[in-house]
Amino acid sequence: MTPVSDAMQTDSANTVPVVEVLSADKVFANGTRALSPINLTIQPGEFITLLGPSGCGKSTLLKMIANLLEPSDGRLLWWRQNYDQVGSPGRKLVMVFQDATLMPWSRVQNNVRLPLDLAGDDRTQADAKVAAALELVGLKGFENHYPRQLSGGMQMRASIARSLVTEPNLLLMDEPFGALDEITRNKLDADIIQLWWRKKLTVIFVTHSIYEAVFLSTRVIVMAARPGRVLKEVLIDEPHPRTDAFRVTQKFAAYAKELSELLAQASVSGASDL
Amino acid sequence: MNKNRDAVMKWVAPLLVGVVVLVVWHALVKAFDIPKYLVPSPAMVVDTLISDWGLLYSSLMITLKITFGAFFLAVILGTVVAFLFVQSRWIEVSFFPYAVLLQVTPIVAIAPLIIIWVKDPTAALLVCATIVALFPIISNTTLGLRSVNPGLVNLFRMNKASRWQTLIRLRIPSAAPYFFGGLRISSGLALIGAVVAEFVAGTGGTSAGLAYQILQAGFQLNIPRLFAALGLITVTGVLLFLLMVWLSKLALGGWHESEVAQES
């Protein structure tokens with residue numbers, strides 16, 4: 001690699017692919033093949049959802065992108081670099097988990113400040129960022145609550161605030177709203193798409209909800225199980241920022257139909273492998 | 001309103017039971033004219049407590065000294081051992097069976113040995129009581145330090161947290177509820193250990209604890225004094241337990257389910 005200045009690196013981070021999955025696969029120690037070799041390129045500003053039945057390896061793929069799992073073969077690149085470059089300005093990656101994973105002993109503002117505390121940031125600046133993040137997710141006034149005093153949706157909002165406080169470029173979300181009721185989920189979906197648009201984020205979002213995938217994504221990666229693999233990619237051609245009105249259009253229904261047919265196909269092909 | 005009534009109930013109901021028991025006890029002793037060397041009346045026990053206070057008080061102080069000393073040692077030692085155990089599975093696997101061995105061996109069986117090995121009687125009692133109180137601290141704290149939400153572990157990893165940051169900010173707070181559970185059990189065991197060890201050791205003279213007073217009172221058929229000493233041990237145990245409950249509430253009151261359940 002030719003030496004380049006830091007400034008140029010930061011600049012180029014806006015144009016190079018955010019994530020490249022290069023024929024990465026995953027075989028677990030017990031011999032289970034979680035993922036067949038996958039090739040996937042994610043460009044800056046995309047909102048990608050990984051959609052598929054359980055066991056299709058969508059969470060495994062996301063964990064590999066988060067560097068929480070190593071691929072058994074193949075490799076991944078982040079902004080054309082190895083993972084050790086992740087975390088520098090313009091190359092920040094954060095993850096929102098299935099559960100809110102808040103520390104029950106810490107008040108909301110301390111939970112949200114955690115990434116900044118761990119990085120050893122200045123306290124006054126950190127507090128200002130925390131206040132801004134809490135306002136962004138609609139949790140202003142709940143700074144001093146304990147997580148158990150919040151509803152499930154609000155806990156998830158706190159978790160999102162914590163992920164935003166480091167000003168990330170790539171946001172990974174692993175079925176973040178799966179445990180919430182549909183009304184709360186729709187509200188959070190609408191909010192997350194606003195955040196993505198305003199903050200110019202790149203998002204990779206795992207879900208098993210077809211409607212969530214259509215509403216959120218610029219591109220849906222449909223996955224099939226046994227072995228986990230990419231079945232098809234579907235571009236959702238609808239301008240942004242989207243609002244709830246999109247949910248009741250013919251176009252939305254047509255995309256939902258296409259995806260549910262693909263999913264049915266995914267389950268059939270999975271069953272025939274048994 | 002309802003909450004207030006619950007709080008009153010929580011204190012008044014058990015107190016009422018206690019008063020009823022004392023009244024019935026007193027009435028039975030009077031009605032059947034039971035001699036005081038078999039069952040003394042509660043009033044007589046209180047009288048003895050007052051008249052023998054000098055003797056009982058100094059014994060109580062000795063027992064308290066052993067109890068708190070052993071409890072303190074058990075907490076320090078148990079916590080250190082638990083931290084060693086969670087450093088590696090190998091350490092835990094290799095040494096945990098011996099911690100269990102220490103727990104299942106009856107203290108009365110090894111106390112004579114300890115009394116022979118440790119010359120100073122107070123120190124011998126301290127060692128016995130510490131052995132009894134140690135295990136709950138080790139097992140609870142080890143369990144607690146291991147019971148960390150895996151999602152939070154991932155979160156700390158993704159934020160490149162150091163081992164030290166993970167210990168201070170994640171493992172220790174996660175272990176706290178288990179640790180305080182261990183304290184409650186261990187504090188009671190320290191008292192039991194102190195009393196049992198003294199029964200076995202039978203040390204008298206200036207370092208005579210409440211157990212020695214019970215033994216002596218038994219030999220002399222001074223049953224009112226026996227009851228008074230017994231009462232002091234019981235009250236000490238209850239106060240110790242309440243102290244632990246209070247400490248636990250102080251530390252976990254804001255967030256842990258075990259401490260906030262009563263509010264909701």
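Looking only at strands (runs of 3 or more DSSP E) that fall completely inside the range A:46-113, which ones have 2 or more residues that are within 10 Å of chain B (Cβ to nearest Cβ)?
In the range A:46-113, A:93-96 are the strands (runs of 3 or more DSSP E) which contain 2 or more residues that are within 10 Å of chain B (Cβ to nearest Cβ).
Out of the range A:64-79, which residues are buried (at least 17 other Cβ atoms within 10 Å of the Cβ) and touching a residue at least 40 places away in the same chain (Cβ under 8 Å)?
Across the range A:64-79, the qualifying residues are A:64, A:65, A:66, A:69, A:71, A:76, A:77, A:78, A:79.
Within the range A:90-131, which residues are within 29 Å of residue A:42 (Cα to Cα) and free of Cβ contacts under 8 Å to residues at least 24 places away in the same chain?
A:118
Only one of B:157, B:146, B:171, B:89 is assigned by TED's automatic domain parsing to the domain that holds residue B:256 and surrounded by 17 or more Cβ atoms within 10 Å (Cβ to Cβ); which?
Step by step, each of B:157, B:146, B:171, B:89 is checked, and only B:171 is assigned by TED's automatic domain parsing to the domain that holds residue B:256 and surrounded by 17 or more Cβ atoms within 10 Å (Cβ to Cβ).
State the number of residues belonging to the range B:130-180 that are closer than 26 Å to residue B:111 by Cα and either without any contact (Cβ under 8 Å) to a residue 60 or more places away in the chain or within 14 Å of chain A (Cβ to nearest Cβ) (or both).
4
Cβ-Cβ below 9 Å, separation at least six or inter-chain, first residue in the range B:51-76 and in the same structural domain as residue B:135 (by TED's automatic domain parsing), second charged (D, E, K, R) and assigned to a helix (DSSP H, G or I): which pairs?
Cβ pairs passing all conditions: B:52/B:225; B:55/B:225; B:56/B:225; B:62/B:198; B:63/B:198; B:66/B:198.
Every residue in the range B:25-60 that is in a helix (DSSP H, G or I), loosely packed, with under 11 Cβ neighbours inside 10 Å and among the aliphatic types (A, V, I, L, M), please.
B:31, B:50 - these are the residues of the range B:25-60 that are in a helix (DSSP H, G or I), loosely packed, with under 11 Cβ neighbours inside 10 Å and among the aliphatic types (A, V, I, L, M).
Going by the conditions given, is residue B:115 in the same structural domain as residue B:176 (by TED's automatic domain parsing), modelled with pLDDT under 90, of a type in the set (Val, Ile, Thr) and within 30 Å of residue B:143 (Cα to Cα)?
The answer is no for residue B:115.
Give me the pairs: first residue in the range B:91-119 and of a type in the set (S, T, N, Q), second residue surrounded by 11 or more Cβ atoms within 10 Å (Cβ to Cβ) and modelled with pLDDT under 85, beta-carbon distance under 6 Å, and six or more apart or on different chains, which are they?
From residues that are of a type in the set (S, T, N, Q), there are no pairs.
Would you confirm whether any residue within the range A:136-147 is more than 14 Å from every other protein chain (Cβ to nearest Cβ), among the aromatic types (Phe, Trp, Tyr) and within 25 Å of residue B:255 (Cα to Cα)?
First, the residues of the range A:136-147 that are more than 14 Å from every other protein chain (Cβ to nearest Cβ): A:136-143.
Then keep just the ones that are among the aromatic types (Phe, Trp, Tyr); that gives A:142.
When the remaining residues are screened for being within 25 Å of residue B:255 (Cα to Cα), the result is A:142.
Yes, the range A:136-147 contains a residue that is more than 14 Å from every other protein chain (Cβ to nearest Cβ), among the aromatic types (Phe, Trp, Tyr) and within 25 Å of residue B:255 (Cα to Cα).
Inspect the range A:114-131 for any residue being within 13 Å of another protein chain (Cβ to nearest Cβ), buried (at least 17 other Cβ atoms within 10 Å of the Cβ) and within 20 Å of residue B:255 (Cα to Cα) and give the result as yes or no.
Yes: one or more hits.
Identify all residues within the range B:148-175 that are in a helix (DSSP H, G or I), out of contact with any helix residue (DSSP H, G or I) (no Cβ under 7 Å at 6 or more places or on another chain) and not hydrophobic (A, V, I, L, M, F, W, C); write none if there are none.
B:150, B:151, B:154, B:157, B:163, B:169, B:173
Taking the range B:95-112 on its own, how many of its residues are under 15 Å from residue B:78 (Cα atoms) and either touching a helix residue (DSSP H, G or I) at 6+ places or on another chain (Cβ under 9 Å) or among the β-branched types (Val, Ile, Thr) (or both)?
6
Quick one: would you say residue B:127 is surrounded by fewer than 18 Cβ atoms within 10 Å (Cβ to Cβ) and either within 14 Å of chain A (Cβ to nearest Cβ) or part of a helix (DSSP H, G or I) (or both)?
no
Here is a yes/no grid of residues against (1) modelled with pLDDT of 90 or more; (2) over 21 Å from the mean Cα position of the chain (by Cα); (3) over 17 Å from residue B:158 (Cβ atoms); (4) not hydroxyl-bearing (Ser, Thr, Tyr):
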| residue | (1), (2), (3), (4) |
| --- | --- |
| A:122 | yes, yes, yes, yes |
| A:136 | no, no, yes, yes |
| A:165 | yes, no, no, yes |
| A:173 | yes, no, no, yes |
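Farther than 29 Å from residue A:23 by Cα, acidic (Asp, Glu) and surrounded by fewer than 21 Cβ atoms within 10 Å (Cβ to Cβ): is that true of residue A:237 in this structure?
Spelling it out, it is not the case that residue A:237 is farther than 29 Å from residue A:23 by Cα, acidic (Asp, Glu) and surrounded by fewer than 21 Cβ atoms within 10 Å (Cβ to Cβ).
The values are calculated or read from the model by the stated rules, or taken from the named source; none is laboratory data. In this text the structure is predicted, and so the values were computed from the model without any measurement. All Cβ positions, glycine included, derive from the backbone under ideal geometry; neighbour counts span all protein chains shown.
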